[in-house]
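One structure below.
FYI, it's all coordinate maths here, none of it is from the lab. Fair warning: this is a prediction, and the values are worked out from it, not measured in the lab. No Cβ is skipped: glycine too gets one built from the backbone with ideal geometry, and neighbour counts run over all protein chains shown.
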Amino acid sequence: MNRIPVVLDCDTGCDDAMAILTGLACPEMDIRAITTVAGNVELKYTSVNTLNLVDALGYEVPVAVGKDTPLFRPLTTAKEVHGEKGMGSVELPVSTRDFDSESAIDVIVREAKKAAGELHLVAVGPLTNIAHLMMTYPEVKPLIKHLTIMGGAIDGGNVTPCAEFNIHVDPEAARIVSESGVPQTWVTLDATMQATIDGAMIEELRGIDTKKAKVAVELLDFMVDRNKRFHVEGAVMHDGLALASVAMPSLLIGDKYFLTVETKGVETTGKTVVDVARVTGKPNNAFVTTGMDVEKFRAWMKEMIVNEA
C-alpha cells in the first residue's frame, strides 16, 4: 500500500495531541515530520509538547521548530482552554531527543521535495509557518499536492462572534495562504464542532491497558471537564478531524467555494469570508466544510487509539 506522505504543522495543545496520537497510528498516512508554531500556547511549549508526545508514543518522527509570533500581531494564546503549558493536566516524560536541525519551513521544503509532488500538508494551528513558507519558497507550491487547514467558519466563531481561533491569531497569514493557489481544504467549525468523542467511548477506552490509550483517556478527561465550562458536551476533536480527513476524505461534507480572510475589519478581523451564494464571481479556491460524518469519525478515532501499529 502506498501511504500518503504527510507533514503536520501544529500548535500542540490537547486536541492537537489527540490528532498526533491517532494520526501516527493511521496505516494510510506516513507522517514524515511534525512542525510546530505558536498558538494555543507559546512556541516553547508547543514544541516540547510535540516532541515529548511523539517520543512517549514510541515514534522517531522528526519534530521541527517554527515561528514564535504571528506575521504582524502580538501572539494571543488559548491558555484558558489548554492550560498554562498546553496539555491540560497531562504530564509526559521529557524527551532526550533533539529537535530537527532545520527550521519548520525548511523541513517542509525538504519533505516536499522528497515526496516529489505527492506531499499532503496539514495545518491545525495558526497559519504563520505556512505563510512564511509560501513567501520564502514560492517554488515549493507545485510540490504540495494538497493543503488541509483546520480553521475558520462559514458562520460565527469561537473567540469572537466572527472569528475562529487559528485564523484570528494570524489573519494576515491565513489570507496569504488562502490566496496561494495551492489546492486546499478548510475544515471549519461548521464540521469540527460535530467531531466529538462522548463519555461512552471514553469509558470503553479506559479499559484498554496501553500507553497510548492511557494518554488518550487523560487528554479526553481533561477536555470533557474543560468543555463543561463552555456548555459543550464531550471532547471536541477539531484537529483530529482535519488529519483524519486526509486518510478518509469521505468524513467531510462541503463544497468548493471562493474563500478569503478579513484582516482589517473593526469587528470582523479573522473572519473567513466564504462566498456561499457565489455573488463575487471569483473562482473557487478551496473545499470548505459544512458538516461531517460523526459516527464514521468516532469509529476511526477509536480504531487508531486501539491500533498498536
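General remarks:
- In a DSSP loop and with at most 15 other Cβ atoms within 10 Å, the GluC sites (Glu not before Pro) in the stretch 213-309 are Glu233, Glu267, Glu308.
- Counting every pair of alpha carbons in the stretch 4-306, the share spaced more than 33 Å apart comes to 15 percent.
- Residues whose amide H lies under 5 Å from that of Thr290, counting only those 5 or more places away or on a different chain, are Ile253, Gly254, Asp255; hydrogens are built 1.01 Å from N in the peptide plane.
- Each Lys and Arg adds +1 at its Cβ and each Asp and Glu adds -1 at its Cβ; summed about the Cα centre, the stretch 91-218 shows a dipole of about 380 debye.
- Test item: Cα-centred dipole of the chain, Lys/Arg +1 and Asp/Glu -1 on Cβ, debye: 520 debye
- The chain - share of DSSP beta bridges that are antiparallel (%, nearest 5): 30 percent
- Per-residue HN-Hα couplings for the stretch 56-72 [Karplus 6.51, -1.76, 1.60; θ = phi - 60°; Hz; x = Gly/Pro]: 4, 7, x, 10, 10, 5, x, 10, 10, 8, x, 7, 9, 9, x, 4, 10
- Loop-located trypsin sites (Lys or Arg not before Pro) in the stretch 245-309, at most 15 other Cβ atoms within 10 Å (DSSP): Lys264, Arg278
- The stretch 36-138: translational diffusion in µm²/s, Stokes-Einstein, Kirkwood Rh over Cα pairs, 20 °C, 1.002 mPa s: 147 µm²/s
- Whole-Hz Karplus values for the stretch 271-278 come out as 6, 7, 8, 10, 7, 5, 7, 6 Hz, taken residue by residue from phi with 6.51 cos²θ - 1.76 cosθ + 1.60 and θ = phi - 60°; glycine and proline positions read x.
- Length gained when the stretch Arg229-Val306 is fully extended (0.36 nm per residue, less Cα-Cα span): 24.8 nm
- For the stretch 96-243, the spread of Cα positions along each principal axis, largest first, Å: 48, 41, 25
- Packing-based ranking, highest mean first, of 287-294, 199-206, 6-13 given that Cβ atoms within 10 Å are counted: 6-13, 287-294, 199-206
- Exposure proxy order (Cβ contacts within 10 Å, fewest to most) of Thr260, Thr35, Thr50: Thr260, Thr50, Thr35
- Here's the picture: charge each Lys and Arg Cβ at +1 and each Asp and Glu Cβ at -1 in the stretch 4-306, and of Gly181, Val107, Ala163 the one pushed furthest to the positive end of that dipole is Gly181.
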